[in-house]
Amino acid sequence: MEALVIYDSFFGNTERIAQSIGNALGQLEDVGILRVVDVKPEQLAGLKLLIVGSPTRAFSPSPSIKKFIKSIPKNGLKGVKVAAFDTRVTDEEIDSAVIILRIFVNIFGYAAKPISDRLVKKGGELIAPPEGFFVQGMEGPLKEGELERASEWAKQILAKQ
Ligand SMILES: Cc1cc2nc3c(=O)[nH]c(=O)nc-3n(C[C@H](O)[C@H](O)[C@H](O)COP(=O)(O)O)c2cc1C
C-alpha cells in the first residue's frame with residue numbers, strides 16, 4: 001500500500017474525517033483507510049505515507065491508537081512521511097464547562113500532537129503540522145465544514161508528496 005489512513009472512532013466522527021482525508025488522497029496509487037484495530041503489522045511494509053487520527057479522549061489519543069504506535073518497531077517508519085489529526089470539542093464547549101477544563105486543555109492539549117511526536121520517534125518524517133477537527137457537543141456530529149477542511153488538509157499533504 002502506498003498510503004494508509006489509520007483511525008480510531010467511538011461515535012463515527014473521526015471515521016468520517018479519515019474517509020474524507022483518504023478520498024482526497026485518491027490521486028495516489030493505493031490508499032487504505034483502516035480502523036486501527038484492523039491493522040496488521042505487515043500492512044506498514046512499503047508504505048510511503050501514514051496518516052493517523054484519533055478522537056481526543058482525556059486530552060490524549062485513544063488507547064488503541066497508543067497501543068498501535070507502541071507496536072511499531074524502532075525506526076519502523078524510516079522513509080515514511082507521517083501526519084496526525086484528531087477530533088475534539090470546540091473552544092465554546094470548553095469555555096462553557098467548569099473553568100478547570102480550560103486549564104487542563106491549556107496544559108495537556110489534544111491527541112494530534114502526541115500522535116505526531118510518537119510517529120516521528122518511530123522514524124517518520126513529519127509532512128504536516130498536527131491538525132484538529134471539531135465536533136459539536138461531546139459526541140458530534142462534526143461541526144459544519146469540517147469534512148471539507150479535512151479534504152483540504154489532505155490535499156496540502158498530497159502537494160508535498
Ligand atoms: C470520555 C470522553 C473524553 C473526552 N475527552 C476529551 C478531551 O479531553 N478533549 C476534547 O477536546 N474532547 C474530548 N472528548 C470529546 C471527543 O473528542 C469526541 O467525542 C470525539 O471527537 C468524537 O469522535 P468519534 O466520534 O470518532 O469518537 C471526550 C469525549 C469522551 C466521551
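Throughout, read-outs are computed from the coordinates displayed, never taken from laboratory work. This one's a predicted model, so the numbers in the text were calculated from it and none came from an experiment. Quick reminder, even Gly has a Cβ in these numbers, built from the backbone with ideal geometry, and neighbours come from all protein chains shown.
Odds and ends about this structure:
- Computed from backbone phi, the HN-Hα couplings of region 124-134 come to x, 9, 5, 9, 7, x, x, 10, x, 10, 9 Hz, rounded to whole numbers (Karplus: 6.51 cos²θ - 1.76 cosθ + 1.60, θ = phi - 60°; Gly and Pro given as x).
- Too-long pairs where the Cα-Cα distance tops 24 Å, listed order kept, from 66/121; 40/66; 48/70; 74/155; 70/160; 40/160: 74/155; 70/160; 40/160
- In nm, spacing of pseudo-spin labels at residue 67 and residue 143 (7 Å Cα→C-beta vector): 3.1 nm
- Under 11 Å, Cβ to Cβ, from residue 85 - net charge with Lys/Arg +1 and Asp/Glu -1: 0
- Anisotropy class of the chain from Cα gyration tensor, a/c 1.5 cut: prolate
- Leading residue at positive end of dipole, region 91-137 (Cβ point charges), from 120, 106, 94: 120
- Three-way shape call for region 1-64 based on the alpha-carbon gyration tensor, with the a/c threshold at 1.5: oblate
- Charge dipole (debye, nearest 20) of region 83-155; +1 at Cβ of Lys and Arg, -1 at Cβ of Asp and Glu: 440 debye
- Each peptide among 144-153, 13-22 gets the average number of other Cβ atoms lying within 10 Å of its residues, and from highest to lowest they stand as 13-22, 144-153.
- Cα centre as origin, Lys/Arg/Asp/Glu Cβ charges: the chain dipole, Debye: 820 debye
- Assigned charges on the beta-carbon of Lys, Arg, Asp, Glu; region 26-95 dipole about Cα centre (debye): 580 debye
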